[in-house]
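The values are calculated or read from the model by the stated rules, or taken from the named source; none is laboratory data. Worth saying up front: this structure is predicted, and the values here are computed from it rather than measured. All Cβ positions, glycine included, derive from the backbone under ideal geometry; neighbour counts span all protein chains shown.
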Amino acid sequence: MQSTSASDTPFPRNRWSVRALIVDDDAPIRELLCGYLARFNIETVGVDDGQAMRLALAEERFDVVVLDLMLPGEDGLSLCRWLRAESGIPILMLTARCEPADRIIGLELGADDYMAKPFEPRELVARIQTILRRVRDDHDTPRTDSRSSIRFDAWRLDGVLRQLQSPEGLVVPLSNAEFRLLWVFLERPRRVLSREQLLDAARGRSIEAFDRSIDLLVSRLRQKLGDDPRSPRLINHPSGNLLYPKGP
C-alpha cells in the first residue's frame with residue numbers, strides 16, 4: 001500500500017482550493033498527476049488500492065475521487081459502486097481499456113465522468129474543474145421551484161440535503177447526475193422531454209456524452225425507485241428518443 005501526496009511540496013496550506021484523491025496502482029502516473037494538479041491549486045493524495053482509498057476517505061475530506069478502473073484486488077468498478085453507496089462525492093474514472101462496455105458500466109455505477117488512458121493532464125484538470133463547478137452550482141443556485149423538497153408516490157426528494165428517502169424512511173444514495181435528473185423530472189411532471197434536454201440538466205454540455213448516457217441514468221433511477229421498466233409507474237419511456245415522468 002503506497003501513497004503520494006502533493007501536500008509534501010513546500011507550499012502554504014491556504015494555497016489549496018480543491019482536494020482530490022487519486023486511486024491508481026501505477027506509481028509514476030500517481031506522482032505525475034499529484035505534481036501536475038498541484039500547479040492548478042488541487043491538493044492531491046495518491047493511493048494504490050481500495051483499502052488505502054477507504055482509509056484515506058475515513059481520515060480526510062476530499063472534493064473528488066479520480067479512480068482507475070484496473071486495480072489489484074478490488075477493481076475500480078467495485079470501488080465505484082461502494083463509493084456511490086456511501087456518498088455523493090464526484091467520481092472521475094480512468095482506464096486503459098477503451099471498450100464502450102467499460103464506460104457504460106462505470107456510468108451505470110454512478111461515475112460522473114470517464115477518461116481513457118493515455119490522456120492529457122490538462123484535460124483531466126478541466127474535467128475535474130467542470131465536475132466541481134457543476135456540483136457547486138447545484139448547491140449555490142436557488143431552485144426555481146420554491147419547494148425545498150418534493151414528495152411523489154410516498155417517496156421524498158430533499159433538495160437541500162440532496163437525499164432521496166424511500167417510503168420506509170430509508171435514504172437511497174444518488175449520484176450528482178441522478179439527483180439532477182430526478183429533480184428535473186419532478187419539476188416537470190407529465191411533460192415530454194428530449195434526450196438533449198435531459199442531458200443538459202443531468203450532466204451539462206461541457207461533459208462529454210454519448211447516446212446511451214441518459215438511458216443509463218434513467219435505468220439507474222428506475223432500479224432505485226423500484227420502477228419496473230416493463231410497466232413503469234413513475235418514469236415512462238414512450239418512444240425511441242423521448243422520456244417523460246408520469247409525475248407525482
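Some notes on this structure:
- Residues that are among the aliphatic types (A, V, I, L, M) and at pLDDT below 85 within segment 122-150 comprise just one, Val135.
- Scanning segment 152-171 for residues that are of a type in the set (A, V, I, L, M) and surrounded by fewer than 16 Cβ atoms within 10 Å (Cβ to Cβ) yields Ala154, Val160, Leu161, Leu170, Val171.
- Every residue from segment 44-97 that is assigned to a helix (DSSP H, G or I) and acidic (Asp, Glu): Glu59, Glu86
- Of all residues in segment 17-29, none are part of a helix (DSSP H, G or I), modelled with pLDDT of 95 or more, over 19 Å from the mean Cα position of the chain (by Cα) and hydrophobic (A, V, I, L, M, F, W, C).
- Any hit, segment 189-205, residues being modelled with pLDDT of 80 or more and basic (Lys, Arg): no
Yes/no matrix, rows are residues, columns are (1) surrounded by fewer than 20 Cβ atoms within 10 Å (Cβ to Cβ); (2) free of Cβ contacts under 8 Å to residues at least 24 places away in the same chain; (3) out of contact with any Cys (no Cβ under 7 Å at 6 or more places or on another chain):
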position	(1), (2), (3)
Ser17	yes, no, yes
Asp26	yes, no, yes
Arg30	no, no, yes
Ile42	no, no, yes
Asp48	no, no, yes
Leu67	no, no, no
Gly73	yes, no, yes
Cys80	no, no, yes
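- Residue list for segment 158-172, restricted to those being at pLDDT below 90 and either under 12 Å from Leu186 (Cα atoms) or of a type in the set (S, T, N, Q) (or both): Asp158, Gly159, Gln163
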